[in-house]
Amino acid sequence: MIDVKDLTKHYKVHVRESGLRAALKSLVNRKFRDVRAVDGISFQIAEGEMVGFLGPNGAGKTTTMKLLTGLLHPTSGELRVGGFVPFKQSNEFKRNISLVMGQKSQLIWDLPASETFEVHRAIYEIDDRSFKKQRDGLVELLQLQAVIDKPVRQLSLGERMKCELAASLLHQPKLVFLDEPTIGLDVHMQEAVRQFIQAYNQEFKATILLTSHYMTDVSALCERVMVINRGHLLYDGKISELISRFAPNKRLTLQFAPGSAEMQADDGPWSTWGDVRVVRVEGLVVELEVSREAMSDVVQRVLSQLPIQDFTVEDPSLEDVIGQAFNVETSKREDDFHFNGHGADDGDDW
Amino acid sequence: MWRAVKKYARLFREFIRTCIVEEMEYRAHFVSNVFMSMLLLALSVLTVQLYFYRAPSIGNWTFDQVMILLGVFQALQGCIDFYLQPNMNRLVQHIRKGTLDYILTKPVDSMFFCSFRHLVLWRLVDVAGGFALVGYGLWHGSIPVTVWQWFLFVLLFLTAVAILYALWMAMMMFSFWAVKVDNLSYLFQSLFETARVPMSVYRGIVLVVLMPMACLTTFPAAALVNKLHSQDVLIMLGLAVGMLVSARWLWNYALRHYTSASS
Amino acid sequence: MRALHWLWKKYSILFTTEWAMMLAYRAESIIWMIGALVQPFVSMAIWLTISIQAGGSIGGYNQNDFIVYFLGVMVVERLTRAWNVWNLENDIREGTFTPKLLRPFNPVHWEINQNLVYKFFYAVLLAPTWVLVAWIFPETRIQVDLVSMGWFLIAILISSVLRFVICHLFGMMSFWTSRALSMYMVFEMLHFFLAGRIAPMSLFPAWLSEMNQWLPFYGSVGLPVDLISGRLMGHTDLIIQGILVLTAWTVALIGLSVWQWRAGLKQYGAIGG
């Protein structure tokens, strides 16, 4: 479905300095900064796969998505999506894809979502039968019956997001790009959206690419993840392997009952339990890092041996895992951002 | 080809439909909007009457002829407010917020979508008012018009609409370069005000500068009142074709270099 | 005395703040100014054409007079104009007016300072420009004595207050209606027609210019222009009459706006913003 080889996208960014003198100077001698938003990425995605894109802001996820949807021209490299070259922006290609951005709405604000559906029906030239079938199917699946006839501005964020999804799937795209589809939603809604995406993927065998800040989104939906930072593909594979590779430990927080003796970091009973590391001791709260394999054993010991009031076991946050990943693999790439000055004849500052 | 025409006609109809539904939300304003339009038209007629209070003609145009010209101006202004002005502001928004990406990933011509998605339908009242004024001028001045003149009038009016469209699109393109286009459209509107009066009012360097604006109203009106030279038609047609082609080229150029707001 | 001291302090701070904000939008400000010069320019072109057709002069104005007159209109228009109706309407509609009301300082002071800042900016731009143009083109020079100049400044000042108050009156209408801007537009159209912005008063039909002497329109633009162009030199009676009418309208409308402000706040409180 998607075939990417040595894909790069470099921007030239006009460096603006403050002050009148600098502004005048930049008229004659503009300084540009090369930003390598995507720097030599290769991967393949098969039909029907669900793949998650991970990485911090500005890592190149969005740029990669934009390259795949044809919004940007690649600087170099090969790129085929569903047999098409995206940046040629042919209508056939566009009929096969759909883009949903959680932070940007395409619904008509003052009107019910059903009106946007009608506009999309005209844009994608959907014939009446399949339009009706697809619309009713989506409304059913997303439980939008009570929602689609209310003006969009009156909807909650979650309802709106569901309508966005429905509107962008009316033409049954084979390839769906979801950019932060659950951003800002409450836990309930996130779950609903996730279940829908899963169901849609299974029913229509659509290929789905997803970026999200929420680890749970990605881990619930995607078997395969790609971690991108500074334009490089750091990891491409199973999510379980990512976690065990970069974050083999879970975090165990113990809250001791009031009145118990204050704990000392070194001489707690855990010092003899093996695969356990103390992160923090603060009064009656102790945080431990425990490897996945040892966890159940440790929890049993805690429950039977220690006077605790409460305890929690947490997966490391996505930020932690990614942070781990970067510390491991990116410290050597500091010199990727370099400055060069160009004369004014170098033209425009896109 | 035929299929594309049908598709875009259908899409245009869909735009009109959504705009009607949208405007129904604000139907209370309709009456006062129309009232305002009428008042504005009446006042511009009064202004012309004031000029003619002191003079039998202005730059060889009689009162009735100037009425016709004012009607053309009003109708063109109505067209600007009907589809150019509303879409221009939307494009700026699309670029700032990054929602242009949605339009670009749809199987539809983005220039078409960005030009006609939003229509302010009640502005067609202005267009109608303008043509009514043209009719009044013809009737009041008992000006005879041949079929050929009517043809030229319609042709030149459509040409003027096309030129305005191209000019406006060229301005819109600046929003890709992060210039505040709202101000450009204000400047354009102000300059267009100079087309309220016959071109013969301007002289020298001023005429050269204002020519493109002034001919938009002067030439169509001149067709009806028999003041048109054949080279005027050619100039207008050439201008329209050239500008439409370059607007299209500029649009594609801007898109090629478009990088979305969030990157 | 203390209150005055604090007012002065507040004003100097407001003025510098608004000045900085205006500078951030200086390109826009210049575009707005250029746009506003187009209208008088069109009128000038028309009257020049008419006066040439009439053999050089019409209604006591020759071509030179028309040029000076409409240059005057351009300057006076910019120096007396008010824009606060847009801010007020927007604030009240969007609900951003409430926080401004909570401060122990009438929001109108912000508007006054913003107005002053823009006028100062336009004055700084336009006055030297006119001097430069007059140096190159003798047609645009004015012959005016110091007395007229003084009257001109007084007229500009009162007219500024008047037009500001009128804008304020219409802006406050937003407490009651969502069509305040449209209503102001109708007024602005009348002003455009009657204030001398399309033609000197003496070119209007006699009954209209007669009536106009008692309305607030002529005084706000036509009178200052007539003063700066030297038309009213030696007509002290006309000057004093014009200034008195202008002042009377200003005082009356300030009174009205004070009453409206109180009623408006009550209304705003009643509907809960």
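Table for the structure above
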read-out: Volume in Å³ per residue [convex hull over Cα atoms, computed for the protein assembly as shown]; value: 242
read-out: Cβ-based exposure ranking for B:39, B:76, in which fewest neighbours within 10 Å come first; value: B:39, B:76
read-out: Dipole axis of chain C (+1 Lys, Arg; -1 Asp, Glu on Cβ), positive-most option in C:138, C:151, C:118; value: C:118
read-out: For segment A:60-115 and segment C:192-260, distance of Cα centres in Å; value: 61
read-out: Aspartates and glutamates whose Cα lies under 19 Å from that of residue C:10, excluding same-chain neighbours fewer than 8 positions away; value: C:18, C:111
read-out: Above-threshold pairs, the threshold being 25 Å between Cα atoms, out of A:5/B:97; A:162/B:106; A:162/A:250; B:6/B:97; A:61/B:97; value: A:5/B:97; A:162/A:250; B:6/B:97
read-out: Pairwise centroid distance, computed over Cα atoms, of segment B:67-96 with segment B:166-211, Å; value: 12
read-out: Values of log10 I(q)/I(0), in the order q = 0.12 Å⁻¹, for segment B:2-256 under a Debye, Cα-only, solvent-free model; value: -0.78
read-out: Diffusion coefficient, µm² s⁻¹, Stokes-Einstein with Kirkwood Rh over alpha-carbon pairs of segment B:34-160 at 20 °C and 1.002 mPa s; value: 127
read-out: Filtered trypsin sites (Lys or Arg not before Pro), segment B:21-130: DSSP coil and at most 16 other beta carbons within 10 Å; value: B:27
read-out: Whole-number D in µm² s⁻¹ for segment C:2-267, Kirkwood Cα-pair radius fed into Stokes-Einstein, 25 °C, 0.890 mPa s; value: 124
read-out: 20 Å Cα-Cα reach of residue C:266 towards lysines, excluding residues that sit fewer than 8 places from it in its own chain; value: C:100
read-out: Estimated FRET transfer efficiency when R0 is 35 angstrom, pair residue C:4-residue C:24 (beta carbons, to 0.05); value: 0.70
read-out: Ascending count of other beta-carbon atoms within 10 Å, so fewest first, for B:257, A:232; value: B:257, A:232
read-out: Ranked C:109, A:188, criterion: other C-beta atoms within 10 Å, fewest first; value: A:188, C:109
read-out: In segment B:1-37, the chymotrypsin sites (Phe, Trp or Tyr not before Pro) that fall in loop regions by DSSP, at most 16 other Cβ within 10 Å; value: B:26
read-out: Three-way shape call for segment C:123-203 based on the alpha-carbon gyration tensor, with the a/c threshold at 1.5; value: prolate
read-out: Taking segment B:2-256 and dividing mean pair separation by its residue count, relative contact order in percent (alpha carbons under 8 Å, at least six apart); value: 25
read-out: Segment B:18-34 - phi-based ³J(HN,Hα) in whole Hz, Karplus 6.51/-1.76/1.60, Gly and Pro as x; value: 5, 5, 5, 4, 4, 6, 4, 4, 10, 5, 4, 7, 4, 4, 5, 4, 5
read-out: Nitroxide proxy distance, nm - points 7 Å out along Cα→Cβ at residue B:2 and residue C:263; value: 6.7
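Every read-out reported here was derived from the displayed coordinates using simple, explicitly stated rules and does not represent laboratory data. Remember, predicted model here, so these are calculated numbers, not experimental data. Virtual Cβ from ideal backbone geometry, glycine too; neighbours counted across all protein chains shown.
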